[in-house]
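What follows is a short report on a single structure.
Just so it is clear, none of the values below were taken in a lab; they were calculated from the coordinates. All figures in this text were calculated on a predicted structure; none of them were measured in a lab. So basically every Cβ, Gly included, is an ideal-geometry build from the backbone, and we count neighbours across all protein chains shown.
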Amino acid sequence: MTLTGLARLNEADAREARALLLTCAAVPRWAEEIVQRRPYADVETALVAARAAAEPWSEEEVDAALARHPRIGERPQGADADAAHSRREQAAVDGTDPEVARRLREGNAAYEARFGHVFLVRAAGRSAAEILAALEERLTHDPATERRIAAEQLREIAVLRLEKELA
Ligand SMILES: NC(=O)NC1=NC(=O)NC1=O
């Protein structure tokens, strides 16, 4: 039986529901907590609970989840669901003009050299130019500020992905 919408979270078996959540953010403890608190009255309640449960992600959990995100501008490979999410989210960056693509590549490299992890931005709904502007602005931040922002973007992407999955 193919479950749709909120039933994909509420009615799937726990293993499937966990797998769905892990494509939104690779944080097993978070996925488990959301599964344990099923059923949710509606999608909005599930999204609010998912966002709240993401608040206490540890440094290690953020690092592990960040590592799952392809760089902005590098077409995400892979057949798994999170790669498909990334391709959709980064669609605006595909085929962008060579100058923007070059500056994104350079900015990503500079960001990783400075902060030690991938530049993570909620790409869905943003143009390549907006993403480049965010990258070049965030390069000026201190590490602690960037750490906080990257974790916040990770949470935002996770909830947006869950919203997409439950639509
Ligand atoms: N490095 C990234 O920011 N990657 C991504 N942002 C998204 O919104 N989806 C991604 O894959």
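Things worth noting here:
- Taking other residues whose beta carbon is less than 14 angstrom from the beta carbon of Arg114, and scoring Lys, Arg as +1 and Asp, Glu as -1, yields -4.
- Helix 43-54 vs. the chain, principal-axis angle (Cα, 0 to 90°, nearest 10): 60 degrees
- Across every pair of non-identical alpha carbons in region 18-116, the mean reciprocal distance, once inverted, gives a Kirkwood radius of 15.4 Å.
- Karplus 3J(HN,Hα) series, Hz, for region 96-102 with 6.51 cos²θ - 1.76 cosθ + 1.60 (x for Gly, Pro): 5, 5, x, 5, 5, 4, 5
- Once the convex hull of all Cα atoms in region 47-97 is built, its volume per residue stands at 107 Å³.
- Ranked for footprinting exposure by Cβ neighbours inside 10 Å, fewest first, Trp30, Trp57 give Trp57, Trp30.
- Order of Tyr111, Tyr40 under a 10 Å beta carbon neighbour criterion, fewest first: Tyr40, Tyr111
- Bins of 5 Å, starting at 0 and running to the largest distance - Cα pair percent for region 80-128: 5, 20, 22, 26, 20, 7, 0
- The chain: angle of helix 128-138 to the longest principal axis, Cα-based, in degrees nearest 10: 80 degrees
- Spherically averaged projected area of region 1-46 from its Cα convex hull (nm²): 3.0 nm²
- Whole-angstrom Cα spans of the chain along principal axes, big to small: 47, 33, 24
- Around Gly73: net Lys/Arg minus Asp/Glu count, Cβ-Cβ under 14 Å: -2
- Using C-alpha pairs under 8 Å with a sequence gap of at least 6, the mean separation divided by the residue count of the chain gives a relative contact order of 29 percent.
- Alpha-carbon gyration tensor eigenvalues x 5, square-rooted, for region 83-164, Å: 19, 18, 9
- Between Ala17, Ala52, Ala26, the GNM of the chain built on Cα springs shorter than 10 angstrom shows Ala52 fluctuating the most.
- The residues neighbouring Leu21, those whose beta-carbon lies less than 15 Å from its own, together hold a net charge of +1 under the Lys/Arg +1, Asp/Glu -1 convention.
- Folded to 0 to 90 degrees: helix 143-166 orientation relative to the chain principal axis, Cα: 40 degrees
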